[in-house]
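First the structure, in the form of structure tokens, and then the observations on it.
What follows is calculated from the coordinates using simple rules that are stated; it is not laboratory data. Predicted model, so just to flag it, every value in this text is computed and none were measured. When we count neighbours, we look across all protein chains shown, and the Cβ atoms used for this are built from the backbone with ideal geometry, even at glycine.
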Amino acid sequence: MSATKSILSQPAQATTTTNVDFLPLKGIDHLEFYVGNARQASYFYRTAFGMSLVAYAGPETGQRDRASYVVQQGKIRFVLTTVLRPSHAMAEHVQRHGDGVRCVALWVDDARQSWH
């Protein structure tokens, strides 16, 4: 019991360490959702939450296997992607798991440096 008392009565020693953040994150750039119908999902987010359509990629822009709608409100950005070919791995993913987040894109100062 006296050993316990002596340990508890001693002041804790302060230690200082300098932590260097090897990957300083600025935030989240966007979330990409794999969905069964990106056009309908885009409409939903625009009408239900007041988001704006800011970009599109699909067959008309040279993207043959998928269509993506980018909706945004303030700093919140969603990429809603649907596959256009049933044999694509994305189609299997949506069929197995349903609509959902597939990618979280992080915002960093230098993507190349962060990758290495």
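What to note about this one:
- Using C-alpha pairs under 8 Å with a sequence gap of at least 6, the mean separation divided by the residue count of the chain gives a relative contact order of 33 percent.
- Share antiparallel - DSSP beta bridges, the chain, percent rounded to 5: 85 percent
- Sorted fewest first by neighbouring Cβ atoms within 10 angstrom, S68, S114, S42 come out as S114, S68, S42.
- The chain: Cα Rg divided by the 2.2 N^0.38 Å rule of thumb: 1.77
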